[in-house]
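Presented below is the structure to which this report refers.
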Amino acid sequence: ETGVTQTPRHLVMGMTNKKSLKCEQHLGHNAMYWYKQSAKKPLELMFVYNFKEQTENNSVPSRFSPECPNSSHLFLHLHTLQPEDSALYLCASSQEASGSYNEQFFGPGTRLTVL
Amino acid sequence: AQKVTQAQTEISVVEKEDVTLDCVYETRDTTYYLFWYKQPPSGELVFLIRRNSFDEQNEISGRYSWNFQKSTSSFNFTITASQVVDSAVYFCALSGRIYNTDKLIFGTGTRLQVFP
């Protein structure tokens, strides 16, 4: 596989469920990102990992818990979500998180619906 | 404050028409980068172009062209002879340093629909 992959592509969960989103990049990058895309809103940066270290938590509620075991894999653990958390969750990677010239490469996203 | 404004929420054109997507940005940085991404219905954002703040030359890539004007803080994107496959949401983004972290600040996107 090439590029950035995300699984699952679609997820429906109840408010009491626990689930995880997975992201994998095959680009040899050192930085990975989670974004939330809601209807009619700009993409919201949630978390940034640079060389497996979390460098950014953009005031995200604790019901979202990221994990980055290595530079190629990124998880987003979900528990006790709210209906307003329904959105498209996009993962991205770049060469590094510092250096504003680095373009980010995105995965196809996970469409999450919270009932 | 750093901000990207894409005033056009949705644009509809007929195939073969030219279309320009507007992007206006705000930043106090002297060095910054501007990006355009395309988001087709499949969901992933596809990188189209990166431009640094010191390079105001226009760029052309096939049917795509970009007009960067620092004087008006704009980075507009033109598709010539549009095709149905160009239908997507297009995002303009600005790189910026916020609290010592480099970030991409996205606009709200412009949905382009090209009809046959």
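The values are calculated or read from the model by the stated rules, or taken from the named source; none is laboratory data. Being a predicted model, the structure only gives us computed values, none of them experimental. Glycine also receives a Cβ, built like all others from the backbone with ideal geometry; neighbour counts cover every protein chain displayed. Just so you know, the surface numbers come from the protein's heavy atoms only, side chains and all, with ligands and any DNA or RNA stripped out. Shrake-Rupley method; radii C 1.70, N 1.55, O 1.52, S 1.80 Å.
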query: How much length, in nm to one decimal, is gained on full extension between residue B:60 and residue B:115, taken as 0.36 nm per residue of separation minus their Cα-Cα distance?
result: 17.4 nm
task: Exposed loop GluC sites (Glu not before Pro) only (DSSP loop, at most 16 other Cβ atoms within 10 Å): please give the longest stretch of chain B free of them, not including the sites.
output: B:57-116
- line: Interface B-A: total buried accessible area (1.4 Å probe, Å², nearest 100) of 1800
query: Measuring from label point to label point, each 7 Å out along Cα→Cβ, what is the residue A:57 to residue A:111 span in nm?
result: 3.1
- request: May I ask for the net charge around residue A:85, where only other residues with Cβ less than 15 Å from the Cβ of residue A:85 are counted and Lys, Arg are +1 while Asp, Glu are -1?
  value: +4
message: Let me check the size of the stretch B:1-74 from its C-alpha atoms; what are the radius of gyration and Dmax in Å?
response: 13.5, 39
Accessible surface of chain B, 1.4 Å probe, proportion on carbon and sulfur as whole %: 48
statement: Reduced to Cα centres, the span from the stretch B:75-96 to the stretch A:13-39 in Å works out to 25
query: Largest first, how would B:80, A:5, A:110 line up by accessible area (1.4 Å probe)?
result: B:80, A:5, A:110
message: Beyond a 29 Å Cα-Cα separation, which of these cross-linked pairs lie in this structure: A:19/B:3; A:18/A:40; A:40/B:70; A:41/B:70; A:18/B:3?
response: A:19/B:3; A:18/B:3
message: Quick check: pseudo-label points 7 Å beyond the Cα along Cα→Cβ at residue B:7 and residue A:65, how many nm apart are they?
response: 4.7
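Calculate the translational D of the stretch B:35-106 in whole µm² s⁻¹ from Stokes-Einstein, where the hydrodynamic radius comes from the Kirkwood formula applied to all Cα pairs, the temperature is 20 °C and the viscosity 1.002 mPa s. Don't jump to the answer; show the numbers that get you there.
On the way: Rh = 13.5 Å.
The diffusion coefficient I find is 159 µm²/s.
Gain in length, residue A:44 to residue A:96, computed as 0.36 nm per residue apart minus the alpha-carbon separation, to one decimal in nm? Working shown, then result.
Numbers: separation 52, 0.36 × 52 = 18.72 nm, distance 1.90 nm.
Gain on stretching residue A:44 to residue A:96: 16.8 nm.
Which longest uninterrupted range of chain B lacks any chymotrypsin sites (Phe, Trp or Tyr not before Pro) assigned by DSSP to a loop state (not H, G, I, E or B) and surrounded by at most 10 other Cβ atoms within 10 Å? Kindly include the intermediate steps, with their values, before the conclusion.
Numbers: sites that count: B:54, B:99.
Of all site-free stretches, the longest is B:1-53.
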The stretch A:56-115 pair-distance distribution - Cα-Cα, 10 Å bins, rounded %: 18, 48, 29, 5
- request: Calculate one ³J(HN,Hα) per residue across the stretch B:69-78 by plugging θ = phi - 60° into the Karplus curve 6.51 cos²θ - 1.76 cosθ + 1.60, and present them in order as whole Hz with x for glycine and proline.
  value: 10, 5, 4, 10, 6, 10, 9, 8, 10, 10
message: Run the Debye formula on the Cα coordinates of chain A, all scatterers equal and no solvent, and tell me log10 I(q)/I(0) at q = 0.21, 0.22 1/Å.
response: -1.15, -1.26
- prompt: Taking H as built 1.01 Å from N, whose amide H comes closer than 5 Å to the amide H of residue B:53, not counting residues under 5 places away?
  reply: B:32
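Given the Cα atoms of the protein assembly as shown, and with Rh set as the inverse mean 1/r over their pairs in the Kirkwood sense, what is Rg to Rh to two decimals?
On the way: Rg = 17.7 Å, Rh = 18.3 Å.
Here Rg/Rh amounts to 0.97.
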message: Under the rule of at least 5 residues apart or a separate chain, name every residue whose amide H is placed under 5 Å from the amide H of residue B:17.
response: B:82
